[in-house]
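The values are calculated or read from the model by the stated rules, or taken from the named source; none is laboratory data. Since this is a predicted model, take the numbers as computed values, not measurements. No Cβ is skipped: glycine too gets one built from the backbone with ideal geometry, and neighbour counts run over all protein chains shown. Remember, those area values only see protein heavy atoms, side chains included, never the ligands or the DNA or RNA. Shrake-Rupley method; radii C 1.70, N 1.55, O 1.52, S 1.80 Å.
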Amino acid sequence: MRLDLFPFLALLWLSNAAPTETDSTLSPDPSLVKISMLTASGTGCPKEYTTAHIPSDSGSVYLLIEEHPGQYELQYRKSCQISLSITFPPSWQYSITKTTFSGTENLDEYMTKTQRAIYRFSNDGESIKTNATLNGPLKGNYKIEGQANATVWSPCGGPAQLVVQGSMGLTYNHSPLPGVLAVEPPATLTVWNTGIVWKKCEDAM
């Protein structure tokens, strides 16, 4: 874990400080759900500043992307590819339900920011798409949600690599020129909260 991200993660945990009981019939033992590997590339998620976290209820995966001034500046569109392996008991499988995008933004009037995340398992050609839009004027924190367009389950019998292809872009509705995805100093932190749902594999029921 990056130490400079710890204060932000602490806020996430505090916001969910009230403990919730996990129904063992609906999800595996949370202590057995872990991220074993993560790689990132692209103008929208620098590999040295992209991390992931699974909260104690194992009901989501937080993808945290930190951008610093000078990295891929003056772009109206950014792309991102994240690959991660989630280990869990082989008698379970999971699917993606939604993506909640949050962070800070400075949008003028008539500007629209679009964020997309497409998920697929490395051994399956089917994909799960989520997208959401944010309209200006806005200066400050935001949270927007995109529901999954399909249900695709991870394979039974072991971990599968989850590949996430993301993009974000700006359009300026009163001009043919696009907006610019600027990074405010000292850094801009974007969070993708990927909701997941679990079920038992049929041969384990």
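Structure above, values below:
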quantity	calculated
Long-range HN-HN contacts of residue 160 with modeled amide H, under 5 Å	86
With all protein chains modelled, accessible area of residue 32 [1.4 Å, Å²]	90 Å²
Qualifying chymotrypsin sites (Phe, Trp or Tyr not before Pro) in region 98-160, DSSP loop, other Cβ atoms within 10 Å at most 16	110
Hits among lysines - C-alpha to C-alpha of residue 199 under 22 Å, sequence gap 8 or more where chains match	34, 98, 129
Using θ = phi - 60° and Karplus 6.51 cos²θ - 1.76 cosθ + 1.60, couplings along region 86-93 (whole Hz; Gly, Pro as x)	10, 8, 6, x, x, 7, 10, 8
Additional length obtainable on full extension of the chain from residue 112 to residue 85, 0.36 nm per residue less Cα span	6.4 nm
